[in-house]
Structures are given as structure tokens and as C-alpha cells.
Amino acid sequence: MLVFLSAVCFVGGCSRSPKAEFVTSVPWGLLGPTVILDSHTHTVFSDGALAPQALAAIAVSNGCTALAITDHGDLQATAATPDYFAQIETARKQFPDLILFAGLEWNIPPYRGREHVNVLLEPSLERTLLPEFKARFEGETASAGDGLRWLAQQVPDRDRVVLIYNHPSRLDWDSEENDRDYIAWHEAGGLIIGFEGGPGHQKAASPGDYRGRFRTEARWDPVVAQVGGTWDRLLDAGYNVWGALAVSDYHNADLDYSPCAFARTHLRVPQRDPRGALFALRAGSFWADQGGILNDFDFVLLNRDLLLPATAGEVVRATSSANVMLRVKVRRGSAAQGLPVTIELIGNGITGKPERVASRELSAAEDTFDWQPVTLVAGNDQKSAYFRARAIVKKSPDDVLMAYSNPIRVVLGR
């Protein structure tokens, strides 16, 4: 390494300090293998129609390479029981190339079933932790903070556990409830990674089966879809929180598309195993689409002082005049062949407030959008700027499909 640095100094000179450098890197973010995940499904062990083996078979046939079975944690349901784990283990043996989690959808207190959080663990921990977690922290007397802190104590290695806030706006009473929940849950253990931006139940008359005060927007939860909404407010405040996750929430074929048939989360992983999938979820190295519009959605930040482009989930330190470039490159899926794709960039780095900062429609022959801000300013945290991307395909005026990336953050100053 010293020889390499010396050679760089000899050839390029070392008098100029770099204007950009990595603060948080995701080494596999650019070139790691891809895993296609559905992180939210149900079986006969709660209110689903299929046994675990049958659900896994459908998922594999649809192209899933990772699946989380997350039956409800209600005390009267039979998730996190010996038979639950045994049947999922049988499915693992039947489909050895499928990364399969035996998870739990937690009725997080004090909402009495109104709000749900998915709990995913490294498989070696599932049998030992989930039954006790369910027994302790389901029920009216349980505490969310106690449950989150207990789980954090049991799993001090954060890369072995992931918690996800499911269908966050479906039953909300006010528009900032999710902000408050995320901050409180994040501070109680640091296990929650973000939001299920693309909820399941997409066959419902109101996509996502959102029938309360808030509805999905182009099938995505308002937390993610609204520019300046919950996700943007949290990012603006400096939280590294992810929302580019789309699921089936499969219960039955009447209400839901089957796993990976419509919603897909694309993980860039360090290795193709459960630990690799959890690494990716925690790092933010993933994006999601609905309807098969994109096969690839690469969102990167480039600067001449970075040896590699920064990818989703990464944090870069740069001067406000560092001449960074944001690039989005897409590879269309079957649902977008021959159609234009509109790329939108959302962030706070231009005015200091979350907004749509750039947009361009790519013709059917185009696949790349480059955008370069003149200077960068910090947002509400007074330290950093962030940018995220989405792709929009209008198949018809009434049929709009989207894909979302996770953000890239730029800490300003040297």
C-alpha cells in the first residue's frame, strides 16, 4: 500500500489534497453479486394460504433468490414455533439455492396491531431468539423500547439482525407519525434500517390495501413517494435510513402478487448467503422496482478524487465545490421495453431543503442521465447533503410504475 501511494505521489504529485474521499464505504456496492429478495410474506402459520414449501416453490419460479417468511407474531398464531422452523428448514433443503429467512412480523407496541415491524435474523439465531422475543414482546403490556433493547443485547453484532418498518402509512393518524416512530425505534437499539417503501397487497382496489387517511402514490408509500415527506425529512436531519424496498406481503392470490412476480428488491451483496443479504440490507446497497420495469438501476456519485464511484448507502466527504457528478444508468425490464423512462433526482444539496433537483426523460434509445450541481450546501443537519433517485415509467395515464434507489450522502468540508 505504501509503495502504491508513493507511486501515485510520484506520478500525480501530492501537493493537492483530495476534494473528495470515502467516509463510509460499501466495498461490494459496485460489483457485488445481485440477490432478488422478497422480505415480507405469510404462510399457514398465520393468515397465509400456503405452506412454507409451496410458497418457496412459487418464489423460486418467479426469480426470487432470497425470501423472508414473516408470519404474524400474534400470540394465537403459530409463527416462531418448532413446527414453523422445521417446515422452513425443509424448504431450505428443497431449495438449497434460495436464501430463506424464518422471520416474524411484530405487532410493535403500543399500537395493538396497527403498526408492524419485520424481524429478520441470521438463521442460526432464529430458533433461539424469535420464540422468546415473541413471548416477551407481543401483547398489550409489552414495550417497544424494551423489545428493541432486549434484541440489541442478544445480538450485539448488528450485521446479524435487521428490522424493517412495514407499510408505514397504511393506518397512520397524522403525516409525521412515521418520523416519530423511526427516531424512537432507532434510538432504542439501532436495529431498524428503514421503511418498506413499496408495500404489498398490490392487487387490492387501493394498491397496498391502504384504506385510511393516506393512500399509496403510484403504488408506493407516501413516506418514500412524497418529495419532502418522512424519508426526506429524516435524511435531511442526517439519519442514514433506507426506503428502496418493495415486497409482496403475500397472503393469497386474490389480494397479492406472488413473491417476485411484481415487486422485487435488488440487493447488491458481498456474498450469496443469509449473512450477505443482511449485510446489504443494513448497508443500504439495494434498490427496488414494481412491475418488472428495470433489470438494473445504477445510481452513483463520481469525482476525480474517488478511485471508485460512490454507490447507494455510501457516504463521501467533499468540499462544496468538489465538482461531483451524479449518474443514473438503467437497463430496462420487459415492462419498459420501447418506452421512455423519466429519471428524477431528489435531495437537499442545492438549496438546503429536500426537493426535486433534476429530472430528465430518457427516450427508448437512451439509458444514462448525468447531472452535475455547481456547488453543494448542507441540509438541516448543518453537515451534509444527500441525493436519491427514482425512475418512472408511464405505461398509460392510469398505469404508472416506479423504481427507487437508496441515497448517497455527502459530508461537506475537509
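The values are calculated or read from the model by the stated rules, or taken from the named source; none is laboratory data. What you see is a predicted model, and the numbers here were worked out from it, not measured in a lab. With ideal geometry, Cβ positions are generated from the backbone for all residues, glycine too; neighbour counts draw on all protein chains shown.
For residues in segment 101-143 being small (G, A, S) and surrounded by 20 or more Cβ atoms within 10 Å (Cβ to Cβ), which is nearest to S169 (Cα to Cα)?
G103
For G208, work out the one condition from (1) surrounded by fewer than 17 Cβ atoms within 10 Å (Cβ to Cβ); (2) under 18 Å from the mean Cα position of the chain (by Cα) it doesn't fulfil.
Failed condition: (1).
Which residues, counting only those in segment 304-314, are more than 14 Å from W28 (Cβ to Cβ) and surrounded by fewer than 19 Cβ atoms within 10 Å (Cβ to Cβ)?
R304, D305, L307
For segment 233-257, which residues satisfy the criterion of being on the phi > 0 side of the Ramachandran plot and of a type in the set (G, A, S)? Write out each step before concluding.
Of all residues in segment 233-257, those on the phi > 0 side of the Ramachandran plot come to 238, 249.
Result: G238, single match.
Working only within segment 25-79, note down all residues that are surrounded by fewer than 20 Cβ atoms within 10 Å (Cβ to Cβ), out of contact with any Phe, Trp or Tyr (no Cβ under 8 Å at 6 or more places or on another chain) and of a type in the set (G, A, S).
S25, A49, A51, A54, S61, G63
What residue, among those in segment 176-195 that are closer than 22 Å to A246 by Cα and of a type in the set (D, E, K, R), is surrounded by the most Cβ atoms within 10 Å (Cβ to Cβ)?
The residue in question is D181.
Among the residues of segment 361-393, write down those that are charged (D, E, K, R) and closer than 20 Å to A244 by Cβ.
Within segment 361-393, the subset charged (D, E, K, R) is 361, 366-367, 370, 381, 383, 388, 390.
D367, R388, R390, listed by residue number.
Could you please let me know if L37 is in a strand (DSSP E or B), out of contact with any Asp or Glu (no Cβ under 8 Å at 6 or more places or on another chain) and either within 21 Å of T265 (Cα to Cα) or in contact (Cβ under 8 Å) with a residue 12 or more places away in the chain (or both)?
yes
Can you tell which of A244, A277, A263 is under 18 Å from Y182 (Cβ atoms), in the same structural domain as N62 (by TED's automatic domain parsing) and buried (at least 20 other Cβ atoms within 10 Å of the Cβ)?
Working: A277 fails: under 18 Å from Y182 (Cβ atoms); A263 fails: under 18 Å from Y182 (Cβ atoms).
Just one listed residue meets the conditions, A244.
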